[in-house]
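Trainee: Before I ask anything, here is the structure I am working with.
The values are calculated or read from the model by the stated rules, or taken from the named source; none is laboratory data. Given the structure is predicted, the values throughout are model-derived calculations rather than measurements. Positions of Cβ are generated from backbone atoms using ideal geometry, with glycine treated the same way; all protein chains shown enter the neighbour counts. Accessible surface is based on the protein model in full, side chains and every heavy atom, while ligands, DNA and RNA are left aside. Shrake-Rupley method; radii C 1.70, N 1.55, O 1.52, S 1.80 Å.
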Amino acid sequence: MTTPPCFAGKLAMERELMSFQKRLSSGEFVVLAEMNTPKGVDISRLVTDARRVKGRVDAIVVPDMDNGVMRMSALAGGVLMHQQGMEAIIHVYGRDRNRMAIQGDLLAAHVLGIQNLIVVHSEEIANSDHREAKPVCDLDEIELLEAIATLQKGTDMAGFDLDGSPVFTAGCTLSPFAGGDELEKALEQARKKIAAGARFVVTPPVFDLDRFSEFVRAAGDLGAPILPTVFLIKSVAIARYIATNEPGAHISEDLIRRIRKAPDRELEGIRIAGETIAALREMSAGVMIQTLGWEHRLPAILDAAGL
């Protein structure tokens, strides 16, 4: 289904007038899109991709180097989004910085107009593109959330008063899970993160709506908005890889068969992402769309979702 141009324009204006935090608090369905910064200084692609979805998403999520790839910092990416008139949500993690550096970066983020954060787990250095780097790991995810809360109360982690307090909306991620005990363990960690200050929870990619519905029922006591990730499946090979290596993702054989039999597999992946987003509007507080290098296809995904 395609949204009529006049209605799409109205939605775009409403998104520009209401911040991510306000939409989240009011119960409005929020739409986030993830975009990585470049591994270099050429920002043209990032800026072009962001401009394509301006007014159609509520914020751009900018990962940092938490995935193990050295690239331009999320702080710089967030500032670039603001220069385009868009809200940014940047990743914060503890592998590469100690508590002093993290607090300094958080204060800088606030001054530069970035008030939305997602505290994330980071890839092991052994799996990164700089294996000789030395990890710091001074703070874990819960301690990071507590540090953010402390700064907002007007002191640093050493107890010294700040000259002006930052304001943030911080979220967290849910660990991947296959179900059963793994699910309960992931939910217990999420509860601790929420108690430490997380205001929303981003889940791993959703490929099975029935299983996600079961998850929503199990997570009913979290007390924070849940934002599932919608991942763009680009090919049968990627679908098969996820199904084989990440059993908790629950990619079905029917889904893989659908993509394989499609006359245009790329377009079919876009349709599946759009259908997933449309279905999740009735089940969640919003979505985060993850395309991993195919950000130029975000407008088509939004079209397929009727957004």
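Trainee: Can you bin every Cα-Cα distance in the stretch 196-258 into 10 Å intervals starting at zero and give me the percent of pairs per bin, rounded to whole numbers?
Mentor: Cα pair-distance distribution for the stretch 196-258, in percent: 19, 47, 24, 10, 0.
Trainee: Tell me which GluC sites (Glu not before Pro) from the stretch 181-283 have a DSSP coil assignment and no more than 16 other beta carbons within 10 Å of their own.
Mentor: Working: sites: Glu182, Glu184, Glu188, Glu214, Glu253, Glu266, Glu268, Glu275, Glu282; in loops: Glu282.
The qualifying sites are Glu282.
Trainee: Within the chain, what whole-number % of the accessible surface is contributed by carbon and sulfur, with the 1.4 Å probe and all protein chains included in the calculation?
Mentor: After summing per-atom areas, the C and S share lands at 53 percent.
Trainee: Regarding the stretch 60-191, what is the average projected area of its C-alpha convex hull, in nm²? Let's see the in-between values first.
Mentor: Details: hull surface 35.6 nm².
Seen from a random direction, the Cα hull of the stretch 60-191 projects 8.9 nm² on average.
Trainee: Would you list, by chain and number, the lysines whose Cα falls below 30 Å from the Cα of Lys134, excluding same-chain residues fewer than 8 positions away?
Mentor: Reachable lysines: Lys39, Lys185, Lys192, Lys193.
Trainee: For Rg/Rh (Cα atoms, Kirkwood Rh), which listed value, (1) 1.13; (2) 0.98; (3) 0.95, comes from the coordinates shown?
Mentor: (3)
Trainee: Would you please classify the overall shape of the stretch 56-102 from the alpha carbon gyration tensor, given that a ≥ b ≥ c denote the square roots of the eigenvalues, rounded means a/c under 1.5, and beyond that prolate means a/b larger than b/c while oblate covers the rest?
Mentor: Prolate.
Trainee: Could you work out the relative contact order of the chain? I mean the mean sequence separation of Cα pairs under 8 Å and 6+ apart, divided by the number of residues, in percent.
Mentor: Taking the mean separation of contacting Cα pairs over the length of the chain, I get 19 percent.
Trainee: Still on this model: Would you mind computing, in nm to one decimal, how far apart the modelled labels at Ala195 and Ala278 are, each placed 7 Å from Cα along Cα→Cβ?
Mentor: It is 4.2 nm.
Trainee: Give me the distance in nm between label points sitting 7 Å out from Cα along the Cα-to-Cβ direction at Ala101 and Val136, one decimal.
Mentor: 0.4
Trainee: Given the DSSP H assignment, sum -39500 (n - 2.57) over each helix run of at least 4 residues in the chain and divide by its residue total; what's the result at 222 nm in deg cm²/dmol, nearest 500?
Mentor: So the helix-based figure for the chain works out to -13000 deg cm²/dmol.
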